[in-house]
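Data block below; observations after.
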Amino acid sequence: MKKILIVFAVFSYLISCKSNQTKISVNEKFIEDTLLSLKEVQEKNLLIDSLTNHKQGISFITEKPSDTEPNWSIQVGYNCDERFETYFQFYINPESKQISILDFISGNKLSLENWRNIGNDSVYLELGMKLLNTEQIGNLKINMPETEITKVLGIPDEKSKPLKWETDGLFHQDWIFKEKGIELDVCWEKPTDLKISGITVDKQSKFKTLRNIGIGSTRFEVLEKYKKEIDSRTIDMNSIIAGSVFGGIFFTFENNKVTNIFIGASAE
């Protein structure tokens with residue numbers, strides 16, 4: 001049977017057991033204290049505290065050992081009105097008290113030490129590059145040439161002064177379409193090679209991604225649609241990255257709703 005435990009206050013310190021105890025049984029109190037002592041859970045607890053204006057903290061869905069799963073199974077996340085937003089899936093052995101965690105990318109259970117050292121940065125970099133090659137917002141996509149841009153958007157309202165970036169050796173220019181709520185970073189080596197290298201949409205835009213996310217979508221919809229590309233360790237109160245800072249989709253939020261979407265790279 002599953003049971004939800006909710007932490008309503010941000011902790012200052014935790015004691016998981018007393019030194020004079022000779023034997024500690026695994027129960028819901030042990031699970032709560034043990035998991036709340038982990039730095040990853042503490043960070044998410046503080047995040048949820050900020051999101052809810054200090055009204056709620058991290059939540060646990062616990063499931064006792066069974067014939068199919070010999071360990072305690074614990075989902076750790078945010079228990080909001082819409083759904084349970086899972087950040088981590090932990091397992092605790094009832095005999096050894098050892099903690100393991102589900103790696104969402106590989107689908108394997110790993111020890112905490114191995115999970116922390118697994119180095120998933122390269123995986124999310126690859127997932128982000130794939131998003132850059134396949135995703136679009138409206139009819140706009142990365143590497144779209146100038147002729148296609150003007151077919152979709154027409155002539156920009158403003159253009160910035162072209163600048164040559166040292167990072168890629170290309171000229172870059174901002175094309176701004178005010179009424180459409182769109183700003184493009186276009187680049188070229190030769191003017192005939194002009195193409196999109198970054199797309200930003202704001203509150204004026206009606207465009208949506210191929211996964212139907214646009215301005216006004218909820219953070220929970222973003223997490224659901226892009227869960228395979230999002231590293232839960234990088235989620236913060238105001239933004240979510242699908243992919244990595246070196247390439248992907250960047251979502252900005254106010255009051256848990258999308259206010260800005262950027263497709264491209266924020267770091268080189």
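Of note, residue 196 does not satisfy the criterion of being over 24 Å from residue 241 (Cβ atoms), aliphatic (A, V, I, L, M) and either touching a residue at least 24 places away in the same chain (Cβ under 8 Å) or in a strand (DSSP E or B) (or both).
Contact map, the stretch 224-246: residues that are closer than 12 Å to residue 44 by Cβ paired with residues that are in a loop (DSSP other than H, G, I, E, B) and among the aromatic types (Phe, Trp, Tyr), Cβ distance under 8 Å, separation 6+ or inter-chain. Pairs shown: 232/104.
So which residues in the stretch 34-62 are among the basic types (Lys, Arg), within 20 Å of the chain's Cα centre (by Cα) and surrounded by fewer than 18 Cβ atoms within 10 Å (Cβ to Cβ)? Result: 39, single match.
Okay, residues lined up against (1) modelled with pLDDT under 85; (2) surrounded by 17 or more Cβ atoms within 10 Å (Cβ to Cβ):
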{"position": "106", "(1), (2)": "yes, no"}
{"position": "111", "(1), (2)": "no, no"}
{"position": "121", "(1), (2)": "yes, no"}
{"position": "129", "(1), (2)": "no, no"}
{"position": "138", "(1), (2)": "no, yes"}
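Restricting the stretch 63-81 to residues that are part of a strand (DSSP E or B) and not hydroxyl-bearing (Ser, Thr, Tyr), the residue that is surrounded by the fewest Cβ atoms within 10 Å (Cβ to Cβ) is 63.
Close contacts from the stretch 104-125, counting a first residue that is within 17 Å of residue 89 (Cα to Cα) and a second that is of a type in the set (D, E, K, R) and part of a strand (DSSP E or B), with Cβ to Cβ under 8 Å and a gap of 6+ residues or different chains, come to none at all. Here residue 14 fulfils each of the conditions (1) over 28 Å from residue 218 (Cα atoms); (2) modelled with pLDDT of 95 or more; (3) of a type in the set (A, V, I, L, M, F, W, C) apart from (2). Exactly one residue out of 99, 149 is under 22 Å from residue 234 (Cβ atoms) and either buried (at least 16 other Cβ atoms within 10 Å of the Cβ) or in contact with an Asp or Glu (Cβ under 8 Å, 6 or more places away or on another chain) (or both), and it is 99. Screening residue 237 on (1) hydrophobic (A, V, I, L, M, F, W, C); (2) in a loop (DSSP other than H, G, I, E, B); (3) in contact with a Lys or Arg (Cβ under 8 Å, 6 or more places away or on another chain) shows it passes everything except condition (3). Within the stretch 218-234, the set of residues being buried (at least 20 other Cβ atoms within 10 Å of the Cβ) and not in a helix (DSSP H, G or I) comprises 226, 230.
The values are calculated or read from the model by the stated rules, or taken from the named source; none is laboratory data. In this text, all values refer to a predicted model and were calculated from it rather than measured experimentally. Here the Cβ is made from the backbone with ideal geometry for all residues, glycine too, and neighbour counts use every protein chain on show.
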